[in-house]
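Here the structure comes first, spelled out in structure tokens, and everything after it is commentary.
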Amino acid sequence: SSIQSSHNSQADDAFLNELPRARFWDGMDICQWEGGWFEPGLIKPAMTFKTTFEAHNDDVLLVSPPKTGTTWLKALCLCITQNPSTENATETDDILVKENPHFNIQTIESMIYSTKPHPDLYSAPSPRLFHTHLPYKVLPDSIKNNSDCKIVYITRNPKDTIISLWHFFNSIFRPNLEPFPLEKAVECFCNGVHQYGPFFDHVLEYWLESQKRPNKILFLRYEELKRDPKGEVKKLASFLGKPFVNEEEVEKVLWRCSLERLRNLDVNKNGSILYGVPNSSYFRRGVVGDWKNYLSPELQEQINRTARSKFEGSSLDL
Ligand code: A3P
């Protein structure tokens with residue numbers, strides 16, 4: 001079975017219609033399922049994934065809340081595991097030159113929005129690399145407990161995440177309109193009523209699990225990757241069982257995956273992987289602390305307060 005041919009029975013539609021609904025920003029309906037908020041169209045694929053996916057021991061699942069460094073992580077993992085540079089490799093041998101990273105590592109539940117046919121999720125050659133934005137709670141048991149499948153999680157400080165989300169959704173949903181009021185966007189974010197929200201619960205669940213099982217789940221932070229890219233990328237490669245053999249390799253991967261390089265590739269300037277989402281929209285400023293340019297002291301405090309109350313009693317600090 002495949003995620004795309006996700007079942008479509010009346011019983012499922014009835015189930016969907018009964019879920020609590022809310023408005024995200026001023027345009028889109030989102031539904032609450034298993035304690036999280038999702039676009040209605042993604043719930044069935046997520047359920048199919050949860051109930052039918054059979055993990056292999058050498059699978060790697062990448063996970064992230066939206067706008068926390070997904071594109072970067074996908075690019076890095078592709079270079080480390082699928083397409084390492086060889087001595088005389090040319091630009092055209094580079095998987096990142098041919099396609100946007102989101103094409104080669106699909107976001108499982110969003111595959112229904114893909115603009116291009118792609119290989120069947122289940123019959124891809126080993127080692128398989130996938131991505132999801134789904135919370136830990138709704139991952140298939142096969143991934144969590146019944147296989148050696150590894151999970152790499154990336155997250156980012158909440159203030160930069162909300163600013164990145166705000167820019168992204170303004171560009172996708174409101175291209176010719178005034179930006180959505182930032183105070184309202186922060187309100188949605190802090191209430192958890194946004195795609196894959198609440199952000200804070202998402203992060204905390206994976207954090208706690210990574211503390212219990214560090215060999216199963218690698219927990220990365222965007223800020224750490226920016227601060228110590230070599231150290232973090234080495235850690236990632238070792239976790240994936242592909243440690244680098246020399247410093248040159250590390251530098252090569254970092255260069256191949258740099259924002260400046262990816263942004264300027266034709267495939268990212270002109271292409272699109274998901275309907276309505278130009279590849280160029282995945283690349284913006286990529287700096288830590290951009291929130292300082294947007295958030296008033298009141299909005300900063302609102303986010304800090306939410307983070308403190310959610311993370312209280314855990315050793316997590318974002
Ligand atoms: P900003 O909006 O703060 O610039 P995601 O990939 O999860 O959608 O996250 C998007 C964020 O990652 C954006 O942040 C984007 O600029 C940044 N980004 C994308 N590619 C990157 C790369 N190769 N290196 C560093 N940051 C990158």
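The values are calculated or read from the model by the stated rules, or taken from the named source; none is laboratory data. Keep in mind it's a predicted model, so treat the numbers as computed, not measured. Every residue, glycine among them, receives a Cβ derived from its backbone with ideal geometry; neighbour counts consider all protein chains shown.
Numbers at a glance
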item: Some residue of the stretch 87-110 being surrounded by fewer than 23 Cβ atoms within 10 Å (Cβ to Cβ), away from the ligand (no atom under 14 Å from the Cβ) and under 20 Å from Lys235 (Cβ atoms); result: no
item: Unmet criterion (only one of (1) surrounded by fewer than 17 Cβ atoms within 10 Å (Cβ to Cβ); (2) modelled with pLDDT of 95 or more; (3) more than 25 Å from Pro229 (Cα to Cα)) for Phe168; result: (3)
item: All helices (runs of 4 or more DSSP H) inside the stretch 258-318 with 3 or more residues being under 30 Å from Tyr113 (Cα atoms); result: 259-264, 266-270
item: Residue selected from the stretch 236-253 under the condition more than 19 Å from the chain's Cα centre (by Cα) and part of a helix (DSSP H, G or I), by the criterion nearest to the ligand (Cβ to nearest atom); result: Val253
item: Given (1) surrounded by 20 or more Cβ atoms within 10 Å (Cβ to Cβ); (2) free of Cβ contacts under 8 Å to residues at least 60 places away in the same chain; (3) within 29 Å of Arg23 (Cβ to Cβ), number of the condition Ile162 does not satisfy; result: (2)
item: Number of the exception - Pro40 against (1) over 26 Å from Lys226 (Cα atoms); (2) crowded, with 16+ Cβ neighbours inside 10 Å; result: (2)
item: Within the stretch 188-211, considering residues that are farther than 14 Å from Trp37 by Cβ and not hydroxyl-bearing (Ser, Thr, Tyr), the one surrounded by the fewest Cβ atoms within 10 Å (Cβ to Cβ); result: Gln211
item: Within the stretch 55-65, tally of residues that are near the ligand (Cβ under 6 Å from one of its atoms) and either among the basic types (Lys, Arg) or over 11 Å from Leu220 (Cβ atoms) (or both); result: 0
item: Within the stretch 1-106, helices (runs of 4 or more DSSP H) holding 1 or more residues that are modelled with pLDDT under 95 and of a type in the set (S, T, N, Q); result: 10-18, 40-52, 101-104
item: The stretch 17-35, residues that are of a type in the set (Phe, Trp, Tyr) and either more than 19 Å from Lys137 (Cα to Cα) or loosely packed, with under 13 Cβ neighbours inside 10 Å (or both); result: Phe24, Trp25
item: Among (1) within 15 Å of the ligand (Cβ to nearest atom); (2) farther than 21 Å from Leu225 by Cα; (3) assigned to a helix (DSSP H, G or I); (4) modelled with pLDDT of 95 or more - the single one Lys159 does not satisfy; result: (2)
